[in-house]
Each structure stands twice: as C-alpha cells, then as structure tokens.
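Step one of this worksheet: look at the structure below.
The values are calculated or read from the model by the stated rules, or taken from the named source; none is laboratory data. Quantities reported herein were computed from a predicted structural model and do not represent experimental measurements. Cβ sites come from the backbone with ideal geometry, for glycine too, and all protein chains shown count toward neighbours. What goes into the accessible areas is simple: the full protein's heavy atoms, side chains included, and nothing from ligands, DNA or RNA. Shrake-Rupley method; radii C 1.70, N 1.55, O 1.52, S 1.80 Å.
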Amino acid sequence: MADPSSYRPSPGQIPDSPGVYKFRDEHRRVIYVGKAKNLRQRVASYFQDLAHLHPRTRTMVTTAASVEWTVVSTEVEALQLEYTWIKEFDPRFNVKYRDDKSYPYLAVTLNEEFPRVQVMRGAKKKGVRYFGPYGHAWAIRETVDLMLRVFPVRTCSAGVFKNAARTGRPCLLGYIDKCSAPCVGRVTPKEHRALAEDFCDFMAGRTGAYIRRLEKDMMQAAEEMEYERAARLRDDAGALKRAMEKSAVVLADATDADLIAVAEDELEAALQIFHVRGGRVRGQRGWVTDKVEAVDTAGLVEHALQQLYGEERGDAVPKEVLVPALPEDTEAVSQWLAERRGAQVSLRIPQRGDKKDLMTTVQRNAQQALGLHKTKRASDLTTRSRALEEIAEALGLDAAPLRIECYDISHLQGDDVVASMVVFEDGLARKSEYRRFQIKGFEGQDDVRSMHEVIGRRFKRYLQEKERTGEWEQPPPASGEAPHPAQVPPAPHPAQGAPLPADGTDPRDTDPREDDGRPKRFAYPPQLVVVDGGQPQVAAARRALDELGIDDIAVCGLAKRLEEVWLPDDDDPVVLPRSSEGLYLLQRVRDEAHRFAITYQRSKRAKRIRSSPLDDVAGLGETRKQALIKHFGSVKKLRQATIEEICQVPGIGRRTAESVAAALASAAPAAPAVNTATGEIMEEDDGGTS
C-alpha cells in the first residue's frame, strides 16, 4: 500500500485550467482517469487526510504510485479526452458499463450499391443505418417481413445476390414480390436506393405520409375499378399499420428522445435506456456496473452518456436526452452531445406529463434489472467460489486460484502443431487474455516437448515483464556457474535455420507497445497452470517452470480418459467427485483451451491447403494469379502450358511467364484425390491448389 504523500505534487505544479488526469500504479498501469474544470482543485482533493476520503477513493489513491495530467482548452475537450482514455486504458477504478447481452439491430447497408436490410450485432459500421436495438432478432424479422410488401428492398447475402445475377433468376422473394430483384435488373440501382431510403424514413418515424399515400392510391384505384390493385394497396397499408402497432405510441408529439434511468445500491448500479423515435419505443437496452469509484447518480449518468454516444454521430444522437439527474457540468455535456449530433440537444430531467410517466416506467425496468442481476450474480458467485475452494483443497493450495491458465496442444498427424492458452479469472473466461502459439523449437509430433516449449516461452515473457517493472532482477551467474535458463538463447529452429530472439521468446509472444499504462501481455502470473493431459504433460510443464526458477505457481493436468487430475511427482491422480463444482470448472477450462487450440490449428491447415506454387512467384499478385487460373482452368493445365501460351494471358509478360513456368516445374504435383466411396481417382480439373 502506497502513501499518497510520497507522490503528491506540489500545488504550484498543477495548473488551474481544465484538463484530464491519470493515476498510475507502481507498474505504470493506468488505474483511474478523471476530468476537472480546475485541475489544481480536483487533484489536490485526492491528497487530503485518508480518513476523510470515500473508501473506494482511499483504495485507489493508496494503490496508485503517481499522478499526471493533460491540460486542454475547454471542458468539452476534457470530456472527450476522458472518454477516449477510459476506453483505451480500461482503468480498474473507473465505472464501466457492460451490456447484459449483445443486442440485435435492424441495419440498412447504405454503403453498398444495392443496400441490404439485415439483422446486425456488434460494433457499428460506417455507412450503415441502424434502427433499434431490439430485444430479440425474431422481432426484427417479423417487422421486416411486414414491410417488404411496401418496400421490397434486397435482404439476401452477397453470395445469393451474385448467384442470382449470374443465372438471371431471382430468389423466391423476387417471385413473390417481396424483393424488387435488382440482381436481375428489374429495377435500377437508383430506384432500389430510393426504396431503401423510403424504408429508412419509415423506420425513423415518418410513417403518416406513406400510409396516407397508400390509402389515397387505394381509393383512386377503386374509383377506376382496378379492384385487384386497390386490394393490394389495402393490404400494403394494413401491413405498415401492423408494423407500427408492434411499437406502441408512448409520446403523442412524435418525439425523438432517449430516456435513461438508474437503479443503484452501495455496490452496483443498473441502467436502462428506452429509445423513442417518432413517439414510439424503437429499442431498449440495459447495462450493469460495479461501483468501483465513489460516484453518485449524476456521475453514473455522465459515464452512461459517454459510453452511449461516444462513438455515435448524426441522428444516432436524439434531439432530447431525458435523465434522472443532470451531470455536474451539464453545459459541457450538452455541448459535447450537440457536436456529435450536429444540432442542438436538450439534456434535462422530465418534470411532468407523458415524459415523466414514461421515465417512471424506465425506472421500474432499471429496478427490476438490478434485482435480477443481483439474484443471478449471487447464485453464480456462490457456485464459482465453491468451485475454486474445492480446487484449492484438492490440490493443496494455500488460497483459491483466482487466475487459472490452461494450455492445450493441437496438430494433425504432426503437421501444423500449435498451442493455446486460455485464462479464467474468478471462475469466468477472460477472452482478451487468450493467446496462441506456433511450436517452433522442433518439427513433428511430440505433445510433451511441445508443452515444455510453450510453458517456457510464456513464463520467460512473464519474467521479462517482472524485470522491466523492477519486481524481479536476475542475478548474474557466479564464476563457473551455468547461466539461468531464462538467459540462454534457444537452439536454432531446424526449419528456418535461425535462432529466436536472445530472450528466448517467439516474436508473436511479445508486446510491441511501449510503457504507456496499457495492460501488457503475459504480465500477470496465474495461481494455477492446467495442462490438457496426464502425468507426462504435467511433468513437462513443471520442469519448464523449475528451469526458470519459478516455484510459486501450482501445476496440474486433467486427463480426458477418466477426468483424473494429475499433480507433479505424484504417482496416483487426484479423483474429484463427478458432481464436484471444482471438477466442472476444470473441465470447462480444459474444453475451452481445446476449442481455442483446434480452431487455430484448423485455420492454419486451411491456409496451408489453399496455398499454391504460384504464391512463390515474385511480383505475381492475386489479380494476375486469378487471371492465369481463369484462362487455363486449373493449375494442372497451367503447368502443361508453354511459355508462349502463358504470355497470351493479359498482363503476363515473358519474364513473368518464365518465372511461373519455373515455379510450377520445381513444385511437385499434388497426389490425386480419391473418392473414398467408389475408389475412383479424381482428376484435377478445377481452380484448386496443386
């Protein structure tokens, strides 16, 4: 625990202008980011008597080892920089909301020549118009199905679209008039884009004009005794009305607004957002957070606004944002929102009428979400704690292993040998910490030797991080004494004939980033290393740690055959009951490592299979390779061609043709494929690899 007075800056050093400040711990990791109208007053407030600080603030300042600041021109710039740094450094003492699910959006890809309507999740893409979020993907599909009668916009994938264009036949939706079939030229790109823009206008809330237009056309068709057309227009208007009914009117004045409500207790907070467009609820989402910093409702609202609109532009930021409490600097936040929207944004607390009633509904949803979250978390936390305690007891550990790393080796008959490292913290997967390795110290199939190499490479990197931060210093070997294994450069890779770096790590295991406070790879040690395998793999992992002088990390293995837990130097396994939560957690960790390893191994194998002798021809890019294959039909026929015939391909000169011929001549043709059902030898007649 650090004494804040040891790094307290003198008052004259701190400017009294707006800015953003960062607290760093002893390892230079950023642990807290904040902003201030007056840096001198705000930063000085952290260095008062510890007894007067909030417990969470006291924990932060005693964890920190230094503080630094950046001066900006305005409070709006400070707000933007604070958001950027929180996103970049992920400080442990800042409130960070996390979605309780990945919400689906209705998206229109206006960045394509023929815009497509589809369901999208994840990060938003430039040039795509989004509506939602929705609670369920099926709700989007129901809405789209109703609206395609009136706005027959393309919904097919790129592959289906290209295939229809090639064959000249539209898909089923084109035949039943739920797609305007731009793939076969029924409408021009301009006409199709107009349909997509009308679709977007309707979804954005401009609904009345379309329904009135359809009803007017229906009456006109009836007067002209075009009864079939009138019936079709009647059904179209009905479909649009049913689509509108799926989102009830909540604000009669066709308001565009987001309503944010917060439910909180001493430890946690839940946030609910209702997205109202055209007076109707178009989407809803919820976030939860741990209150890791001393923050009130206004602070929670400000953090929510930063996360909600930090990446948004234009109409994605509504005209009104209704909140339960105004941020400390309402004017700066409102100006920041207005800059993102490109127009004025009203940030206020609803006082009366329909908006206040709707805010009560949103608040009730937030209270229910917090109660549900606490119930689930209590159950999950109890189970995870019991699992970690069972593992600690079974393996004879002094404390529960809060960080577990698991390693698995994957290959296909000795080829494409890779390894995976997965991380579980507090019983939950930490996917951002996952790593993968290529086995480089030798060739062939040897799981034990592979495990030894991977563990050695991972923990050599860990020792480097400790040495860099000053936590560990490797003493020089005494006279005549062999150097420490971490200082010995590895043997040259037999395939490459060149050694790895002198520190013994693979370049892909290292982190090129500078000492800037971001979390580093391999910087945190586990309390437990789990390997997929039995006694030989466990012994190899323990030996790799012993060679590095690491004796404070426990090792075990989980064998698939009988789900036995093996410890180093023990002749008999530890057998956990099948109903044990500890065994279930170890199985989850092992299975996740296996999944991650085999996914990487398959991707490497697929990449190798797709390789071609043409890849080795200098200066021959992908376009000219495809031109060669298209001209001759296959690599086999290209290999049989003369240099003069190769020169006939557009873009291929004589020198390139000679290089292609030489590369194909030196590469042995692949063995013929065999149909395992009939025994027939399949001739190479496609554009595959050779």
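Regarding Arg578, is this residue modelled with pLDDT under 90, in a loop (DSSP other than H, G, I, E, B) and not acidic (Asp, Glu)? Don't jump to the end; show me each part of the working.
On the way: modelled with pLDDT under 90: yes; in a loop (DSSP other than H, G, I, E, B): yes; not acidic (Asp, Glu): yes.
Considered against the rule, which asks whether it is modelled with pLDDT under 90, in a loop (DSSP other than H, G, I, E, B) and not acidic (Asp, Glu), Arg578 comes out as yes.
Could you list, in sequence order, all residues of region 19-41 that are touching a residue at least 60 places away in the same chain (Cβ under 8 Å), open to solvent by less than 30 Å² (accessible area, probe 1.4 Å) and charged (D, E, K, R)?
Result: Lys22, Arg24.
Quick one: would you say Ala2 is at pLDDT below 85 and more than 29 Å from Lys466 (Cα to Cα)? Working first, answer last.
Working: at pLDDT below 85: yes; more than 29 Å from Lys466 (Cα to Cα): no.
Against the criterion (at pLDDT below 85 and more than 29 Å from Lys466 (Cα to Cα)), Ala2 does not qualify.
Hey, any hits in region 94-102 for a residue that's loosely packed, with under 15 Cβ neighbours inside 10 Å and in a strand (DSSP E or B)?
There is at least one residue in region 94-102 that is loosely packed, with under 15 Cβ neighbours inside 10 Å and in a strand (DSSP E or B).
Sort out which residues of region 114-159 are open to solvent by 70 Å² or more (accessible area, probe 1.4 Å) and either at pLDDT 90 or above or under 26 Å from Leu233 (Cβ atoms) (or both), and write them in order of number. Full working, then the answer.
To start, the set of residues in region 114-159 that are open to solvent by 70 Å² or more (accessible area, probe 1.4 Å) comprises 121, 123-126, 136, 138, 141-142, 145, 149.
Residues satisfying the conditions are Arg141, Glu142, Asp145, Arg149.
Please specify each residue of region 628-661 satisfying the condition of being more than 20 Å from Ala618 (Cβ to Cβ) and not polar (S, T, N, Q).
Hits for region 628-661 are Lys630, His631, Phe632, Gly633, Lys636, Lys637, Glu644, Glu645.
Suppose we filter Asp256, Asp265 for residues that are touching a residue at least 24 places away in the same chain (Cβ under 8 Å), closer than 21 Å to Gln368 by Cβ, acidic (Asp, Glu) and surrounded by fewer than 22 Cβ atoms within 10 Å (Cβ to Cβ); which single one remains?
Numbers: Asp256 fails: closer than 21 Å to Gln368 by Cβ.
Answer to the check: Asp265.
Determine if region 382-400 includes at least one residue that is at pLDDT 80 or above, more than 23 Å from the chain's Cα centre (by Cα) and on the phi > 0 side of the Ramachandran plot.
Start the filter on region 382-400 by keeping residues that are at pLDDT 80 or above, which leaves 384-400.
Okay, now just the ones that are also more than 23 Å from the chain's Cα centre (by Cα), so 384-400.
Filter once more, keeping what is on the phi > 0 side of the Ramachandran plot: 396.
Looking for residues that are at pLDDT 80 or above, more than 23 Å from the chain's Cα centre (by Cα) and on the phi > 0 side of the Ramachandran plot, one finds at least one in region 382-400, hence yes.
Out of Leu148, Leu172, report the one residue that is free of Cβ contacts under 8 Å to residues at least 60 places away in the same chain and either of a type in the set (Phe, Trp, Tyr) or closer than 28 Å to Arg212 by Cα (or both). Before you say what the answer is, go through the steps one by one.
Numbers: Leu172 fails: either of a type in the set (Phe, Trp, Tyr) or closer than 28 Å to Arg212 by Cα (or both).
One residue alone meets the criteria, Leu148.
In this structure, is Gly633 farther than 26 Å from Ser410 by Cβ, open to solvent by less than 80 Å² (accessible area, probe 1.4 Å) and at pLDDT below 75? Talk me through it step by step, then tell me what you get.
On the way: farther than 26 Å from Ser410 by Cβ: yes; open to solvent by less than 80 Å² (accessible area, probe 1.4 Å): yes; at pLDDT below 75: no.
No: the conditions fail for Gly633.
Give, as residue ranges, the strands (runs of 3 or more DSSP E) completely inside region 353-468 that count at least 1 residues that are open to solvent by less than 50 Å² (accessible area, probe 1.4 Å) and more than 27 Å from Ile550 (Cα to Cα).
On the way: elements: 403-412, 415-425, 435-438.
Correct list: 403-412, 415-425.
Of all residues being open to solvent by 70 Å² or more (accessible area, probe 1.4 Å) and part of a helix (DSSP H, G or I) in region 42-68, which is nearest to Ser6 (Cα to Cα)? Just the residue, please.
Across region 42-68, the extreme among qualifying residues is Arg58.
Can you name the number of the only condition in (1) open to solvent by 50 Å² or more (accessible area, probe 1.4 Å); (2) out of contact with any helix residue (DSSP H, G or I) (no Cβ under 9 Å at 6 or more places or on another chain); (3) more than 20 Å from Ala36 (Cβ to Cβ) that Ile349 fails?
(2)
Would you pick out the residues in region 149-196 that are among the hydrophobic types (A, V, I, L, M, F, W, C), within 26 Å of Pro104 (Cα to Cα) and touching a strand residue (DSSP E or B) at 6+ places or on another chain (Cβ under 8 Å)?
Val153, Cys156, Phe161, Cys179, Ala196, listed by residue number.
Quick grid of which residues meet (1) over 30 Å from Arg435 (Cα atoms); (2) open to solvent by less than 80 Å² (accessible area, probe 1.4 Å); (3) charged (D, E, K, R); (4) modelled with pLDDT of 75 or more:
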site	(1), (2), (3), (4)
Val555	no, yes, no, yes
Glu564	no, yes, yes, yes
Ala606	no, yes, no, no
Gly619	yes, yes, no, no
Thr623	yes, no, no, yes
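Which members of region 317-345 meet the condition of being open to solvent by 50 Å² or more (accessible area, probe 1.4 Å), acidic (Asp, Glu) and either within 18 Å of Lys355 (Cα to Cα) or in a helix (DSSP H, G or I) (or both)? So that I can check it myself, show each step before the final result.
Our first condition is that a residue be open to solvent by 50 Å² or more (accessible area, probe 1.4 Å); within region 317-345, this holds for 319, 326, 328, 331, 335, 339, 342, 344.
Restricting the remaining residues to those that are acidic (Asp, Glu) gives 328, 331, 339.
Selection gives Glu331, Glu339.
Are any residues in region 275-297 open to solvent by 20 Å² or more (accessible area, probe 1.4 Å) and within 16 Å of Gln363 (Cβ to Cβ), and if so, which ones?
Val281, Gln284, Arg285, Thr297
When residues of region 141-200 are filtered for being in contact with a helix residue (DSSP H, G or I) (Cβ under 6 Å, 6 or more places away or on another chain), β-branched (Val, Ile, Thr) and under 17 Å from Tyr130 (Cα atoms), how many remain?
2
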